[in-house]
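**Q** Take this structure, written in structure tokens, and hold onto it; I'll ask about it next.
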Amino acid sequence: MSQQPSHVSDPSRIKVIVATDCGSTTTKAILIEEIDGVYRQTFRGEAPTTVEEPFADVTMGVVNSVTELQELSGRRLIADDGTIIRRSSPAQSDGADIYISTSSAGGGLQMMVAGVVRQMTAESAKRAALGAGAIVMDTIASNDSRRPHEQIQRIRELRPDMILLSGGTDGGDSKKVVELAELIAPAKPRPRFGNEYEMPLIYAGNKEAAPLVAKVFDGRGFDLSIVPNLRPTLEYENLGPARDRIHDVFLEHVMAHAPGYDKLMTWADAPIMPTPGAVGDILQTIAKGRGINAVGVDIGGATTDVFSVFDGTFNRTVSANLGMSYSISNVCAEATMPMVLRWVHLAGMDERELRNRVKNKMIRPTTIPQSLEALVFEQAVAREALRLAYVQHKEFATTLKGVQQQRTVGDAFSQQESGKSVVDSMRLDLLVASGGVLSHAPRMEQTAMMLIDSFEPEGFTELAKDSIFMMPHLGVLASVHPKAAMEVFERDCLILLGTCIAAKGASKAGKPCFSYRIEGSGIRETGSLSGGELKLLPLPGGAVAEATVTPERGFDLGAGPGKPITRTVRGGTVGIILDARGRSLRLPEDRDQCRRAMESWVHTLRLYA
């Protein structure tokens, strides 16, 4: 076994880093080195993940991916005994100073959560589980409309990796949360990986009820952990302790029983993190470091993850039925085919043609587009998958429900209630894309427009993409060496596409929307846009300019309706995109008008040139 370095706790001595992400199908490895005082990602390797039979040892895929790093870099990283070499001193040319890893192999972290009130404590429990990088299989609540025997049957059917139980405020009634415990205990759900260990259960509810809950589970085949309450009061949510305990249990139980992970954990110099949890961590690190609000999205074959950080509050959602291969039929069913078709500018493509393409994709879900028509179709579906996932995220990422709020007389005549979304498109500073359809689009302009069309950013928003899905590696690195993680994120991970400047308001074709003046870095542009128009101004990456935008009455760009605003904007591989199509974005209902509008936008941004 490789000897772990003694200087992990001293970031200044960490100069060479090997990081892996063990995905469900592919294990990705990167090499990070300090070059001229700055940390850079230098080489990348990948290999098939080997968590399933016939290999059933995740370290084999790790060694294969790191071996590719070794061949590309010329630096010896794998020892004769098959482990990762550590450097004993900075003068040593072989090996790395630390090795870190994330994992979503074997389906990632799968949890069941339970809470007394579905809209309150159960939702807080779901937020804690999602924030820790879990897939939430089901939410059990006292008021979820299922009868007790149906709830017990559902608990019994599930094979989660762990259960999170919450309920009640500290000092409140204990009866309901104890009743929930009495539902779970006799159901005896068995964990996914093996039957030889007890089901981990985390209790994060009313602290006065903890002894009663412990008594219910005593001797019933559960490994109970008690942490501080998720909702100690109605007005306060405390997710940190539960999230930390989920990570600990993930390592101690789930990973320890997954094939080969016990060995991998002895190699790693920091706790192995669930891949989505690591992505969330790096987004929070960036948002905090730059003092901004950020949204990230990862669209995959089966699911779409959306992450957001607004005013320091982190949220993550998993849209388990929205993806680009295995879930493509679900996207089209939920969005409807006319909604997908509105993003298609090709005259010959109709609903019947789209349905045939969906069926072909279902037969061969892992195929990639081989023609312009196939590419346009996939990017149209992607827009709807992203739009629906973002809608779900905004509905989930809310202020606390059940909180009493002071109201004015005017509020009595409105439908205001607690549980308002914390996601505010006007205050969004950075939108980051990852996932095959976004990261591997043939042209950067296509990625930018998929983001704009689906997320509908307002005001001034920087657009970027994860170059090679490096965010998980950097998330776990941030826990060991935040400076290195930030530098690699800014220089190598993030490809800045540019800045979108979009007006909020009801847009009408031909009616003035806003005027603009953009100066700096060799650009000097003035003009105005009418409703329904887009304009692309080239401004290279690294360049900045000052933009002054004056909206017409009824339109807002961040300073209020009709008020001018001046901001410094950053360029990128695409440049500055001026959007006068209005927010919320409404495309013409007539198919021919819609196709012509889309055709003009495709031409303006040179999407398929």
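Just so you know, all these numbers are worked out from the coordinates, no wet-lab data involved. A quick note: this is a predicted structure, and the numbers were derived from the prediction, not measured. All Cβ positions, even for glycine, are placed from backbone atoms using ideal geometry, and neighbour counts span all protein chains on display.
**Q** Using +1 at the C-beta of Lys and Arg and -1 at the C-beta of Asp and Glu, which of MET137, GLY435, CYS513 has the Cα lying farthest in the positive direction of the dipole of the chain?
**A** Farthest towards the positive end: CYS513.
**Q** Note the per residue figure in Å³ for the convex hull of the C-alpha positions in the range 478-609.
**A** Expressed per residue, the convex hull around the Cα atoms of the range 478-609 is 147 Å³.
**Q** Within the set of other residues whose C-beta is less than 12 Å from the C-beta of GLU525, count the net charge using Lys and Arg as +1 and Asp and Glu as -1.
**A** Result for the neighbourhood of GLU525: +1.
**Q** Among ALA242, PRO551, MET111, whose Cα projects farthest towards the positive end of the dipole of the chain, with charges put on the beta-carbon of Lys, Arg (+1) and Asp, Glu (-1)?
**A** The one lying farthest along the dipole's positive direction is PRO551.
**Q** Select from the range 531-573 those trypsin sites (Lys or Arg not before Pro) which occupy a DSSP coil region and have at most 11 other Cβ atoms within 10 Å, ordered by residue number.
**A** Here the trypsin sites (Lys or Arg not before Pro) that fit, given the DSSP loop and packing criteria, are ARG553.
**Q** If we count every other residue with Cβ under 15 angstrom of ALA181's Cβ, Lys/Arg +1 and Asp/Glu -1, where does the sum land?
**A** Result for the local shell: 0.
**Q** Say R0 is 60 Å: what FRET efficiency, to the nearest 0.05, do LEU72 and ASP173 get from their beta-carbon distance?
**A** Result of the calculation: an efficiency of 0.45.
**Q** Subtracting the Cα-Cα distance from 0.36 nm times the residue separation, let me have the gained length for SER93 to ASP36 in nm, one decimal.
**A** This chain segment gains 18.9 nm when fully extended.
**Q** Now for a different question. Rounded to the nearest 0.05, what FRET efficiency do MET265 and THR366 give with R0 = 35 Å and r taken as the Cβ-Cβ distance? Could you check?
**A** About 0.70, to the nearest 0.05.
**Q** Kindly point out which whole DSSP H helices in the chain project their C-alpha atoms 27 angstrom or further along the helix axis while averaging a Kyte-Doolittle hydropathy of 0.0 or above.
**A** Helices passing the filter in the chain: 372-396.
**Q** Extension gain SER600-ARG443, at 0.36 nm per residue separation less the Cα-Cα distance, in nm?
**A** 54.8 nm
**Q** What would the Debye equation give as log₁₀ I(q)/I(0) for the range 1-105 at q = 0.16, 0.19, 0.24 Å⁻¹, counting only Cα atoms as equal point scatterers?
**A** -0.67, -0.92, -1.34
**Q** To continue, here is another question. Could you sort out which of LYS288/LYS394; LYS465/LYS535; LYS188/LYS394; LYS126/LYS188; LYS28/LYS483 sit more than 25 Å apart by Cα distance in this structure?
**A** Check vs 25 Å cut-off fails for LYS188/LYS394.
**Q** In debye to the nearest 20, how big a dipole does the range 108-266 give about its Cα centre with +1 on each Lys and Arg Cβ and -1 on each Asp and Glu Cβ?
**A** Using Cβ point charges on Lys, Arg, Asp and Glu, the range 108-266 gives about 380 debye.
**Q** Next up: Antiparallel versus total DSSP beta bridges in the chain: what percent is that, nearest 5?
**A** Once the DSSP bridges in the chain are tallied, antiparallel ones form about 60 percent.
**Q** Could you size up the charge dipole of the chain around its Cα centre, putting +1 on the beta carbon of Lys and Arg and -1 on that of Asp and Glu, and report it in debye to the nearest 20?
**A** 1360 debye
**Q** First measure r as the distance between the Cβ atoms of ARG147 and LYS359, then evaluate 1/(1 + (r/R0)^6) with R0 = 45 Å and state the FRET efficiency to the nearest 0.05.
**A** 0.70
**Q** Also, I was wondering about something else. Based only on Cα atoms, what Rg/Rh ratio does the range 48-99 have, Rh being taken as Kirkwood's radius?
**A** 1.05
**Q** On average over all directions, what projected area in square nanometres does the range 108-266 have, based on the convex hull of its Cα atoms?
**A** So the mean shadow area of the Cα hull is 8.6 nm².
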